[in-house]
Amino acid sequence: MTVTWEDLGWERLAAGAGRCRLPGWDCTVGLVLGEGTALVVDAGSSLAEGARLRTEAQELTGHRVTHLALTHPHFDHVLGAPAFAGAEVFAAVGTDAVFAYEREELRLDAVRHGLPAPEAEHAADALAVPRRLVSGEWTLDLGGGRQVLLANVGPGHTAYDLAVLVPGDPEVVFCGDLVEESGAPQAGSDAVPAQWPAALDRLLALGGEDALYVPGHGAVVDAGFVRRQRDELAARFGVS
């Protein structure tokens, strides 16, 4: 019996592309299917969550997850990454330094937000530095005619924001937390507010008017929503 996206509580976005919304912090995790390959976008907030996502992705694809793209180095998006053993991990340039030298802050942030301390410590200790670092754009061939574009469109929400464009009809853009729908965009101490609107301009140029934009938290939105959020951020931070 074939397992469908809906069977596992995932949302189909386009042919061979979907996402789920995780409980707790309402984070998005994306999945793109290739030929004998699978790309997961973001990894959840703990090893247990990452393991569940890996298992569900394997049920949907019939094979293991081969690639993992991390949109930005915040605990709720990356602490599940060690559960994807054997996957090729992509992230924006600079994420490697965060994983190498700031994992204690990742752990503390997870605990502050309610992740049990032992889970946070175990996941942070297991984080490996991403080997594939994106400084501009990187075309990833998933086989079977499926290519996706990884684009370093930041800084904005963080100094290291990666977007994932999945060509198709419609095109799908996984935005990370550059775009949030379920609440106002969160600007922590590692945000770069003065450059965030420009990052959204690059995101809109990447996806165009007809794409589905998948925020890091919340429902899928359109280009008009992204543009309004861009203008709100510009007004909020006093930039053009």
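A few notes on this one:
- Loop-located GluC sites (Glu not before Pro) in the stretch 1-85 (DSSP state other than H, G, I, E, B) with a sparse environment of at most 15 neighbouring Cβ atoms within 10 Å: Glu35.
- Checking (i) 1, 6, 14, 17, 19, 17, 13, 8, 3, 1, 0, 0; (ii) 1, 7, 16, 20, 21, 17, 11, 5, 1, 0, 0; (iii) 1, 6, 14, 16, 16, 12, 10, 9, 7, 5, 3, 1, 0, 0 against P(r) over Cα pairs in 5 Å bins from 0, in percent calculated from these atoms, the matching label is (ii).
- The simple spin-label model puts a point 7 Å past each Cα toward its Cβ; for Trp138 and Arg227 those points are separated by 3.2 nm.
- Of the solvent-accessible surface of the chain, computed with a 1.4 Å probe and all protein chains present, 50% belongs to carbon and sulfur.
- Per residue of the chain, the DSSP helices (runs of n ≥ 4 H) give a summed -39500 (n - 2.57) that works out to -9000 deg cm²/dmol at 222 nm.
- Cβ-based net charge around Thr66, under 14 Å, with every Lys or Arg adding one and every Asp or Glu removing one: +2
- Evaluated with a Cβ-only charge set (Lys, Arg +1; Asp, Glu -1), the chain carries a dipole of roughly 200 debye about its Cα centre, given to the nearest 20.
- For the stretch 142-219, the relative contact order is 36 percent, taking Cα pairs closer than 8 Å that sit 6 or more residues apart in sequence and dividing their mean separation by the residue count.
- Summed over the residues of the chain and divided among them, the accessible surface reaches 41 Å² per residue at a probe radius of 1.4 Å.
- Highest GNM mean-square fluctuation among Leu13, Leu33, Leu140, for the chain modelled with Cα contacts below 10 Å: Leu140.
- Candidates His217, His113, His72, ranked by Gaussian network fluctuation over the chain, Cα under 10 Å, top entry: His113
- Cα-based shape type of the stretch 41-178, given that a ≥ b ≥ c are square roots of the gyration tensor eigenvalues and the cut on a/c is 1.5: oblate
The values are calculated or read from the model by the stated rules, or taken from the named source; none is laboratory data. No experiment lies behind these values; they were computed from the predicted model shown. Every residue, glycine among them, receives a Cβ derived from its backbone with ideal geometry; neighbour counts consider all protein chains shown. Only protein heavy atoms, including side chains, enter the accessible area calculation; ligands, DNA and RNA are left aside. Shrake-Rupley method; radii C 1.70, N 1.55, O 1.52, S 1.80 Å.
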